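So the structure is just underneath, and the comments pick up after that.
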Amino acid sequence: MSNRFAKPSGSSGTLSSILNRSVELAAGKGSLLHTALDEQLKAQSGEHVFLPIRQLVPNPGQPRRYFSPDSLEQLATSIRERGVLQPLMVRPLPREQYEIVFGERRWRAASIAGLEVVPVLIRTLSDSEVKFIAAVENLQREDLNRFDEVQFKLHLVAELLGVSEEQARAQLKQLRTQADDEGTVDRRTRVAALFEQLGNESWVSFVTNGLPVLNLPAFLVEPLRAGQLAYSKALLIARAPDMHQQVLLEKTVNNNLSLTELRQELQTLSTPATPQTADVVRRLLTPKRLQQLQQQNPKKHQRVQSLLTELRTLIDEPAASSE
């Protein structure tokens, strides 16, 4: 992300105009959404300053809650050697604190590295602007997990259409089936252009293969966001009966099951057991075991003999004829 962010002149209206401008230019190359946002914000850009790490606080609305300890340690090692190369973006809070708009990973790693101050760009931003900028910034990450990716993309769609995220989900699904009236064609064209810029998938694929991740139970979302569980495996586990999902999750994570192996586990669960009853009876009722039972527990032995007699009677009885 460019370091030339500045205070936007408006709030949600400005964000929507950035999105609409970017989709109008979608025939070009590169991330035009990223470029349009950068151009909109650079006019009032200022130089970065240094702030004490203790004055910075994470954004409570930041969807990314998991940071790999190994990854943080690697970044901390790099920071010890070269410092923080890219400034964080923050916005002022009361009591001389600053909320991180983006760069929380760098902030955490800098703290591990023992730094006392970090470079920051200070911007006065609304909650809507913070969420928008964080979405664009995070979508540039190579290690973005599927759950966060879907959330960020859905937020941009909501801004583009001027609706809530819940309404955006519903409208995306409707766009696949609605008749081609003027309004539908316009929205479909703008959404398609946005996803062309974002890359990786079309908006139709996003609706079919992306949105379902938001319906996953929380215990599957956590390992998915932590990078311990692939999205495709999480969807498979979610299709299993509730009573088996936790066990399947543990097997998949602990044994690093492949997608094929996980499907085999699911197949095993869906295949009814077919015990060989006769073999079981023969194994349990050998003369030796019956003799031991008679010596150790005469009452239980008597009960077994009674059940065997009842079983023989049932087997020998002719089947009742149906009328």
Restricting attention to region 251-271, report how many residues are of a type in the set (S, T, Y), loosely packed, with under 12 Cβ neighbours inside 10 Å and assigned to a loop (DSSP other than H, G, I, E, B). 1
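Here's the yes/no breakdown for (1) modelled with pLDDT under 85; (2) in contact with a strand residue (DSSP E or B) (Cβ under 7 Å, 6 or more places away or on another chain); (3) within 18 Å of E165 (Cβ to Cβ); (4) assigned by TED's automatic domain parsing to the domain that holds V49:
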position	(1), (2), (3), (4)
R82	no, no, no, yes
L85	no, no, no, yes
M89	no, yes, no, yes
Y98	no, yes, no, yes
R106	no, yes, no, yes
E116	no, yes, no, yes
V120	no, yes, no, yes
L125	no, yes, no, yes
F132	yes, no, yes, yes
Which numbered condition in (1) under 19 Å from N145 (Cα atoms); (2) modelled with pLDDT of 90 or more; (3) small (G, A, S) is the only one that A226 fails? (2)
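Quick one: which residue in R106, R169 is among the basic types (K, R) and over 19 Å from the mean Cα position of the chain (by Cα)? Before you say what the answer is, go through the steps one by one.
Numbers: R169 fails: over 19 Å from the mean Cα position of the chain (by Cα).
Of R106, R169, the one residue that is among the basic types (K, R) and over 19 Å from the mean Cα position of the chain (by Cα) is R106.
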Scanning region 134-156 for residues that are of a type in the set (S, T, N, Q) and either over 13 Å from A168 (Cβ atoms) or assigned by TED's automatic domain parsing to the domain that holds L229 (or both), which turns out modelled with the highest pLDDT? N145
Hey, among the residues in region 159-182 that are more than 11 Å from V207 (Cα to Cα), among the charged types (D, E, K, R) and surrounded by 12 or more Cβ atoms within 10 Å (Cβ to Cβ), which one's modelled with the lowest pLDDT? E159
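Quick check on T252: is it in contact with a helix residue (DSSP H, G or I) (Cβ under 6 Å, 6 or more places away or on another chain) and modelled with pLDDT of 85 or more?
On the way: in contact with a helix residue (DSSP H, G or I) (Cβ under 6 Å, 6 or more places away or on another chain): yes; modelled with pLDDT of 85 or more: yes.
Yes, satisfied.
Per-residue answers, yes or no, for (1) over 21 Å from the mean Cα position of the chain (by Cα); (2) crowded, with 19+ Cβ neighbours inside 10 Å; (3) part of a helix (DSSP H, G or I):
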{"residue": "T184", "(1), (2), (3)": "yes, no, yes"}
{"residue": "E201", "(1), (2), (3)": "no, no, no"}
{"residue": "S205", "(1), (2), (3)": "no, no, yes"}
{"residue": "T208", "(1), (2), (3)": "no, no, yes"}
{"residue": "P212", "(1), (2), (3)": "no, no, yes"}
{"residue": "Q228", "(1), (2), (3)": "no, no, no"}
{"residue": "L235", "(1), (2), (3)": "no, no, yes"}
{"residue": "Q246", "(1), (2), (3)": "no, no, yes"}
{"residue": "L249", "(1), (2), (3)": "no, yes, yes"}
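Conditions (1) crowded, with 19+ Cβ neighbours inside 10 Å; (2) touching a residue at least 60 places away in the same chain (Cβ under 8 Å); (3) of a type outside the set (A, V, I, L, M), marked per residue:
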| residue | (1), (2), (3) |
| --- | --- |
| I112 | no, no, no |
| S126 | no, yes, yes |
| V130 | yes, yes, no |
| V136 | yes, yes, no |
| D148 | yes, yes, yes |
| V157 | yes, no, no |
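Hey, among the residues in region 138-166 that are assigned to a helix (DSSP H, G or I) and farther than 21 Å from R190 by Cα, which one's farthest from the chain's Cα centre (by Cα)?
Within region 138-166, the first condition is being assigned to a helix (DSSP H, G or I), and the residues that meet it are 138, 146-161, 165-166.
Then keep just the ones that are farther than 21 Å from R190 by Cα; that gives 138, 146-148.
Values: N138: 14, R146: 5, F147: 2, D148: 5 Å.
Among those that are assigned to a helix (DSSP H, G or I) and farther than 21 Å from R190 by Cα, it is N138.
The values are calculated or read from the model by the stated rules, or taken from the named source; none is laboratory data. Source: prediction; values computed, not measured. No Cβ is skipped: glycine too gets one built from the backbone with ideal geometry, and neighbour counts run over all protein chains shown.
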